[in-house]
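The values are calculated or read from the model by the stated rules, or taken from the named source; none is laboratory data. What you are looking at is a predicted structure, and each value in this text was computed from that prediction instead of being measured. For accessibility, only protein heavy atoms count, side chains too; no ligands or nucleic acids. Shrake-Rupley method; radii C 1.70, N 1.55, O 1.52, S 1.80 Å.
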Amino acid sequence: MYPLILESVSDYIKNILGAWARPPLASIIVLLLATLIPLVSYLITRIVVGDINKYKLLQREIMSLNREIQEELRKVKDPKLISKKKMERLNELQAKAFKYSRMNMIIMPPIFWIIWIIFSNIFGTEPMVYFPLLNTVLPFYWWYMICAFGVGAIIYKLLGLQPP
């Protein structure tokens with residue numbers, strides 16, 4: 001189903017993990033994996049952008065300008081009356097931000113899918129963790145999604161970035 005190399009890598013990692021490849025210990029590995037992906041994304045952003053503080057300032061300026069435009073729109077109710085200067089500035093800033101994040105958008109999806117395929121082969125669809133909020137047992141893919149959204153949000157908040 002997947003390229004043979006990915007199956008071989010999956011088998012190799014599964015052998016290394018040993019008991020950690022089976023529940024309940026596997027849930028910790030998935031949590032670590034969900035932590036690793038946003039950190040890799042941050043590292044790529046850091047390499048591409050260089051000065052991360054400059055990027056943070058750019059993001060804040062975009063958010064601030066967006067808020068001003070939204071407030072103006074609420075007051076005038078007609079999008080044509082919004083300040084053209086503000087709209088042009090917003091477009092300029094968003095283009096600059098997109099230039100920074102474009103590399104991340106090119107590099108991260110293949111990395112994510114390779115990791116996803118490898119770990120899907122390792123953990124499969126077997127029940128992995130009991131989730132009391134839903135009173136059910138979750139397989140790898142659901143547990144990973146919950147961990148990824150939760151941990152990713154925390155990591156990006158701690159680093160002061162918006163998710164890519």
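Pairs of Cα atoms in region 61-119 fall into 10 Å distance bins, from 0 up to the last occupied one, in shares of 20, 32, 20, 17, 10, 1 percent. With a 1.4 Å probe and all protein chains left in place, how much of the accessible area of region 11-67 comes from carbon and sulfur atoms, in whole percent? Answer for region 11-67: carbon and sulfur cover 65 percent of the accessible area.
Surface analysis of the chain yields an accessible area of 66 Å² per residue, using protein heavy atoms and a 1.4 Å probe.
Mean projected area of the Cα convex hull of the chain, taken over all directions, amounts to 13.2 nm².
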